[in-house]
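Following: one structure in structure tokens, then a few remarks.
The values are calculated or read from the model by the stated rules, or taken from the named source; none is laboratory data. These numbers were taken from a predicted model, which means no experiment stands behind them. Here Cβ is always computed from backbone atoms with ideal geometry, including for glycine, and neighbour counts include all displayed protein chains.
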Amino acid sequence: MKAVIYARGHNEASVENQINQCREHAQQKGWQVVAVYVDRCATGKDKQIACNQMIKDSQKGDFQIVLTTGLERITRRTGRYFCYVGELGKHGVKIVTIAKTDWVYDLLVEFMHGEKTTEQIAKTYNNALTKQRTATAREIKKRGNK
């Protein structure tokens, strides 16, 4: 399978760490990394030029996977995330996160079939992001204490 890596962060160390983690994951899975897209943003409100280009490039069919470290790297906005998933999905591309968030696709399918409301999905998604941020903060604090 061919994959692209998407990383977003405000400092070089964070971005490089994300890229390295994704490359290692891709290698373990036997995926070929064909491109890396990086947005250097201070907040999720900044324009994500590389992300938008990646979505546009998905139309070419050159990759099947967008690999990223976590949901919040793509966007912290629930509605935008599901738009991205839908747009990429139209071109046979799936978002894969190292943080094991395949449940997001299950939510999307439930929504598309009318089994969940947007409010239920938004609440589940936002709760997951909060848990992920808390776990990441704990991990960073633990590494700092070594």
| Of the residues in the range 1-22, how many are among the hydrophobic types (A, V, I, L, M, F, W, C) and not in a helix (DSSP H, G or I)? | 5
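For residues that are over 12 Å from the mean Cα position of the chain (by Cα), crowded, with 19+ Cβ neighbours inside 10 Å and assigned to a helix (DSSP H, G or I), tally how many sit in the range 58-71.
The total comes to 1.
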| said: Tell me whether the range 29-45 contains one or more residues that are in contact (Cβ under 8 Å) with a residue 24 or more places away in the chain, small (G, A, S) and under 22 Å from G86 (Cβ atoms). | reply: yes
| Got at least one residue in the range 23-46 being in a strand (DSSP E or B), of a type in the set (K, R) and within 23 Å of L129 (Cα to Cα)? | yes
| request: Scan the range 121-144 for residues that are of a type in the set (D, E, K, R) and under 17 Å from the mean Cα position of the chain (by Cα) and report the count. | output: 2
| task | Look through the range 77-95, keep the residues that are basic (K, R) and assigned to a helix (DSSP H, G or I), and return whichever of them is modelled with the highest pLDDT. | result | K90
| field | Selected residue [at pLDDT 75 or above, in contact with a His (Cβ under 6 Å, 6 or more places away or on another chain) and surrounded by 13 or more Cβ atoms within 10 Å (Cβ to Cβ)] from I55, I98, I74 | value | I98
| query | Which members of the range 22-52 meet the condition of being among the acidic types (D, E) and modelled with pLDDT under 95? | reply | D39, D46
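Report whether or not L108 is outside any loop (DSSP other than H, G, I, E, B), of a type in the set (A, V, I, L, M) and at pLDDT below 75.
Here the answer is yes, as L108 does meet what is asked.
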| note | Quick count over the range 17-52, residues being of a type outside the set (A, V, I, L, M, F, W, C), within 19 Å of L88 (Cα to Cα) and surrounded by 15 or more Cβ atoms within 10 Å (Cβ to Cβ), is 3
